[in-house]
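See structure below.
Read the figures in this text as sums done on the coordinates, not as results from a lab. Source: prediction; values computed, not measured. Cβ placement follows ideal geometry from the backbone for every residue including glycine, while neighbour counts extend to all protein chains displayed.
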Amino acid sequence: MEYVLNAPPSRQELSLVTTTPSGASTAVRTTAVAARATDLTKVYGQGETQVVALDAVSVEFRQAEFTAIMGPSGSGKSTLMHCMAGLDTVSGGSARIGDTELTALNDKKLTRLRRDKIGFIFQAFNLLPTLNALENITLPMDIAGRKPDQAWLDTVVETVGLSGRLKHRPNQLSGGQQQRVAVARALAGRPEIMFADEPTGNLDSRSGAEVLGFLRNSVRELGQTVVMVTHDPVAASYADRVVFLADGRIVDEMYEPSADAVLDRMKRFDAKGRTS
Ligand SMILES: Nc1ncnc2c1ncn2[C@@H]1O[C@H](COP(=O)(O)OP(=O)(O)O)[C@@H](O)[C@H]1O
Ligand SMILES: [Mg+2]
């Protein structure tokens, strides 16, 4: 087995070349890892009220891949995202964004890493009501005193389909449009990875489809890496891969998921007496 590493400017791609016993070689293309948890453990509380939210989770999120995280309520999905995004501390193990070990960073460095490398989309859009769409999109960069890359900003705005809505304030936009502003805001700083916790949880199915289609486009067309928590099998079917969590552990994984296959897998959780 032989690893061939080439590094185009924007992204490192790792080609894995395997040689079969017959001597024929097949090249499997896998991309570099954008984020990685290794034996990641998170314990809340102490003594009798102690909750093990993550129990030695190891998982990789590859560059330019769209991963959905699913699992019953309370299985640790949000905790995993928060620990990986540096929004929460870990109790044990390691959380890396690219080559950076989050657990080794002090508060200041962590804040900078979150600002420069991570995009986070919440279920509640968290837009500022007094700012228009464009001002909301560029707000994090304005706070950081960074000038937006205009060409990139144009691409993001066009991809989210907000070109005609930039002067509108949040209350003049539909729920789907507001969430697309939130997605554009997360993308504007060109994060290495985007985390989204139930980004369509507050949307009707049509607006949800808009946002999911956009997230998928940002992966396909812009090479963005996206990790999304969802409880909706249809939403998960937009992803390239689904990782299933139960009781703080990864219990299954599925590639090129269909909504039906995901639903079947989720039913097996229910059959074991868990709620979702
Ligand atoms: N801040 C917290 N304090 C105490 N327990 C928490 C806290 N956050 C989450 N938990 C617990 O950790 C477990 C996992 O929670 P969470 O990651 O929110 O699950 P999910 O997102 O899959 O619904 C649950 O048992 C939850 O009650
Ligand atoms: Mg959650």
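Things worth noting here:
- Taking 0.36 nm per residue of sequence separation and removing the Cα-Cα distance, the Ala151/Phe122 pair yields an extension gain of 7.9 nm.
- Pairs from the table (Lys109/Lys147; Lys147/Lys167; Lys108/Lys167; Lys77/Lys117; Lys42/Lys167) lying more than 31 angstrom apart at Cα are Lys108/Lys167; Lys42/Lys167.
- Translational diffusion coefficient (Stokes-Einstein; Kirkwood radius from C-alpha pairs) of the stretch 64-132 at 4 °C, 1.567 mPa s, in µm²/s: 93 µm²/s
- Projected area, mean over directions - the chain, Cα convex hull, nm²: 17.4 nm²
- Kirkwood hydrodynamic radius computed over the stretch 112-208 comes to 13.3 Å, based on all pairs of distinct alpha carbons.
- Annotation: amide H-H contacts under 5 Å for Ser91 (H modelled 1.01 Å from N, sequence separation of 5 or more, or interchain): Thr41, Lys42, Val43.
- Per-residue [θ]222 nm for the chain (sum of -39500 (n - 2.57) over DSSP H runs n ≥ 4, rounded to 500): -9500 deg cm²/dmol
- Plainly put, the stretch 62-186 has a radius of gyration that is 0.99 times its Kirkwood radius, both from alpha-carbon atoms, as the Rg/Rh ratio.
- Rounded to the nearest whole Hz, the Karplus-based 3J(HN,Hα) values (6.51 cos²θ - 1.76 cosθ + 1.60, θ = phi - 60°) of the stretch 165-173 follow the sequence 10, 5, 8, 7, 8, x, 6, 9, 10, with x at glycine and proline.
- Descending semi-axes in whole angstrom, ellipsoid equivalent of the stretch 136-177, from the Cα gyration tensor: 20, 14, 7
- At an R0 of 41 angstrom, the distance between the Cβ atoms of Asn202 and Glu253 translates into a FRET efficiency of 0.90.
- When the stretch 186-234 is reduced to its Cα atoms, the Kirkwood hydrodynamic radius in Å: 11.3 Å
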